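Below you'll find the structure, written out as structure tokens, and then a few comments.
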Number of protein chains: 2
Amino acid sequence: MIDLQHLSDITARALADIKYPGECGGLYTPVDYTLSSGGKRLRPALCLAACQAVCGDPLKALDQAIAIEMFHNFTLIHDDVMDRSDTRRGRPTVYAKWGDVQAILSGDALLTMATARVMMCDNDKLRPVLDCFNDTAQEVYIGQQLDMEFESDDNVTVDEYLRMIFLKTSALLCGSISLGAIVAGADRETVNAFYRYAKALGLAFQLRDDWLDTFGDPAVFGKRIGGDIVNRKKTWLFINALNEAPADMAAALSDNPGREELVKAVTDIYRRLNLSERCDLLIQDYYNEAVDAISEAHISDADRQWFVDLAKKLSHRNS
Amino acid sequence: MIDLQHLSDITARALADIKYPGECGGLYTPVDYTLSSGGKRLRPALCLAACQAVCGDPLKALDQAIAIEMFHNFTLIHDDVMDRSDTRRGRPTVYAKWGDVQAILSGDALLTMATARVMMCDNDKLRPVLDCFNDTAQEVYIGQQLDMEFESDDNVTVDEYLRMIFLKTSALLCGSISLGAIVAGADRETVNAFYRYAKALGLAFQLRDDWLDTFGDPAVFGKRIGGDIVNRKKTWLFINALNEAPADMAAALSDNPGREELVKAVTDIYRRLNLSERCDLLIQDYYNEAVDAISEAHISDADRQWFVDLAKKLSHRNS
């Protein structure tokens with residue numbers, strides 16, 4: 001049986017066991033700091049779970065799971081420089097602790113470490129594994145690029161937004177799960193099923209993120225409600241409101257209103273346009289798509305149910 | 001016959017022919033800008049020359065030559081952010097033109113492009129090619145790290161300096177020439193011979209750089225003499241002087257002297273310690289080592305002579 005806690009423990013142990021070369025000055029100190037800083041480890045878990053569902057042994061994809069976690073952490077190190085972020089996972093970022101120069105260089109080293117790690121597979125899997133890894137990486141960069149450009153673009157369409165969050169969020173989930181399936185020796189139909197599952201899962205996850213930031217229960221959500229509105233972040237809700245009620249949105253956003261006033265005005269527009277329910281329905285659609293996709297993977301019913309339950313948990317979460 | 005101009009032309013054409021994916025916003029604009037900005041193209045030429053010497057056809061290593069040039073340019077894009085450099089090759093840097101955020105992200109994308117490109121080889125060469133590429137990349141990062149740390153370390157030894165310039169300068173030459181030899185199907189002895197050749201060549205090249213900055217002919221050198229001394233850069237000359245005449249160096253460097261006075265005082269110490277001749281002898285040693293190494297490569301005498309001539313040119317250059 002697939003056990004999320006077990007997969008997470010395997011990952012944590014492997015990350016703690018990484019050996020760094022000596023006589024390199026402080027190059028790998030921020031890498032070690034980042035890789036040992038916790039986090040949900042959802043991506044390596046997906047990689048290991050897919051591998052276990054296909055061949056029975058999650059460990060066959062351990063190096064790929066670690067490579068994915070390394071890649072993810074490399075993007076976080078560089079993102080924190082780009083955003084000038086001081087805190088992540090309750091600790092100072094590499095940027096805050098060592099400065100931008102060190103964060104750039106150690107991030108680069110971590111990307112190359114990830115590439116070297118993902119290669120630890122059978123020779124007959126080497127090319128598909130690396131193609132998957134490199135294609136995923138480019139998708140993540142493009143997602144990050146579009147996200148940055150959308151900040152100053154008031155004409156973003158809903159479709160463009162969905163493509164951006166696919167690239168920024170789903171693509172790495174797709175890469176993780178595909179790598180696990182590939183090294184396990186899955187047939188093409190099963191790899192595709194996992195890919196489609198992770199794509200829908202990521203979109204549901206990100207839309208739920210958007211929804212919670214406005215309509216979440218403050219007592220459960222853990223963050224202050226309305227942050228996205230205050231930052232005028234182009235979420236699915238915001239873009240739809242801009243498109244369907246441009247005058248109301250312009251009025252709500254003008255004149256530098258106070259925080260509470262702004263959040264209330266925009267949330268009222270969202271409600272009037274039924275955006276809470278419509279977003280919920282879209283999340284449900286993606287959840288259904290994930291369930292439908294995983295039904296085509298050649299895996300046991302028990303394992304399939306595990307993926308269905310995970311999709312339910314992530315798309316219906318309240319925090 | 002190996003023809004440097006021909007190899008350089010092949011590289012330039014291939015770089016101009018790179019296709020970038022669409023709908024990616026401005027992610028690849030700085031990449032295209034950088035790859036089309038000229039430069040000596042010494043690294044791809046070494047890669048193609050080694051390939052031609054081994055199998056007769058330089059084009060067999062074209063993708064690896066381009067990958068090396070991509071990697072080199074990725075490091076330049078990130079270096080310019082780290083150094084806040086505004087100009088390179090007579091044009092604004094990516095950092096100056098698009099800012100640090102874009103330079104970091106486009107640099108990352110270029111590193112992944114390089115990795116994807118180096119993989120364009122026969123399947124039986126894929127693992128050695130990627131191992132060579134990734135190992136080289138880590139060496140370059142470590143060299144950059146040590147170079148940064150040496151700036152604030154007054155106890156750097158000559159051996160540590162030589163290891164640092166090997167990592168920072170020679171390693172990528174070694175990687176370039178090895179990749180060319182590997183994809184051409186060279187035997188292990190020939191790959192090793194090329195590697196040793198490039199290692200010695202890179203050290204001679206960098207030491208000549210140090211020497212020229214102090215003892216070069218201003219009319220030929222093209223840059224103002226003494227920049228390294230003014231910046232208190234830890235060159236081979238500077239480190240030896242610090243070790244052998246610490247009191248004199250401390251006196252020369254104290255009291256914030258004017259530029260001319262400082263350069264003259266330090267150059268006088270160098271002369272007194274015979275450092276100009278000793279540096280010259282060391283360069284000659286490395287040149288001899290390069291010639292000795294290439295004699296063990298299983299290539300034609302005409303091709304061998306080309307590599308010997310190149311080493312002579314680079315280690316005896318006046319600008």
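Details
- Selection over the stretch B:283-319 of residues that are within 26 Å of B:Leu237 (Cβ to Cβ) and acidic (Asp, Glu) gives a count of 3.
- Entry remark, the stretch A:117-139: residues being in contact (Cβ under 8 Å) with a residue 12 or more places away in the chain and either out of contact with any helix residue (DSSP H, G or I) (no Cβ under 7 Å at 6 or more places or on another chain) or open to solvent by 20 Å² or more (accessible area, probe 1.4 Å) (or both) number 9 in total.
- Contacts under 7 angstrom Cβ, first residue in the stretch B:75-87 being under 22 Å from B:Met113 (Cβ atoms), partner at pLDDT 95 or above and of a type in the set (D, E, K, R), 6 or more apart: B:His78/A:Asp108; B:Val81/B:Asp100
- Residue list for the stretch B:140-157, filter: more than 10 Å from every other protein chain (Cβ to nearest Cβ), of a type outside the set (Ser, Thr, Tyr) and open to solvent by 30 Å² or more (accessible area, probe 1.4 Å): B:Glu151, B:Asp154, B:Asn155
- Options A:Leu172, A:Leu212, A:Leu167, A:Leu162: the member that is buried (at least 21 other Cβ atoms within 10 Å of the Cβ) and touching a residue at least 60 places away in the same chain (Cβ under 8 Å): A:Leu172
- Any hit, the stretch A:167-175, residues being of a type in the set (Gly, Ala, Ser) and under 21 Å from A:Trp306 (Cβ atoms): yes
- Of the helices (runs of 4 or more DSSP H) lying entirely inside the stretch A:1-67, the ones with 3 or more residues being hydrophobic (A, V, I, L, M, F, W, C) are found at A:4-16, A:42-55.
- Residue pairs whose Cβ atoms lie under 6 Å apart, separated by 6 or more positions or on different chains, with the first residue in the stretch A:26-47 and at positive phi and in contact (Cβ under 8 Å) with a residue 60 or more places away in the chain and the second of a type in the set (Ser, Thr, Tyr) and not in a helix (DSSP H, G or I), do not occur.
- Filtered residues of the stretch B:69-105 (kept if away from chain A (no Cβ under 14 Å) and not in a loop (DSSP other than H, G, I, E, B)): B:Glu69, B:Thr87, B:Arg88, B:Arg91, B:Pro92, B:Ala96, B:Lys97
- Going through (1) away from chain A (no Cβ under 13 Å); (2) under 28 Å from A:Met120 (Cα atoms); (3) surrounded by fewer than 23 Cβ atoms within 10 Å (Cβ to Cβ) one by one, B:Ala65 falls short only on (3).
- Output for the stretch A:21-39, where each listed residue is within 14 Å of another protein chain (Cβ to nearest Cβ), open to solvent by less than 60 Å² (accessible area, probe 1.4 Å) and either touching a Lys or Arg at 6+ places or on another chain (Cβ under 8 Å) or at pLDDT below 95 (or both): A:Gly22, A:Pro30
The values are calculated or read from the model by the stated rules, or taken from the named source; none is laboratory data. This structure is a prediction, so every number in the text was calculated from the model and none was measured. Every residue, glycine among them, receives a Cβ derived from its backbone with ideal geometry; neighbour counts consider all protein chains shown. Heads up: the accessible areas ignore ligands, DNA and RNA and are worked out on the full protein's heavy atoms, side chains in. Shrake-Rupley method; radii C 1.70, N 1.55, O 1.52, S 1.80 Å.
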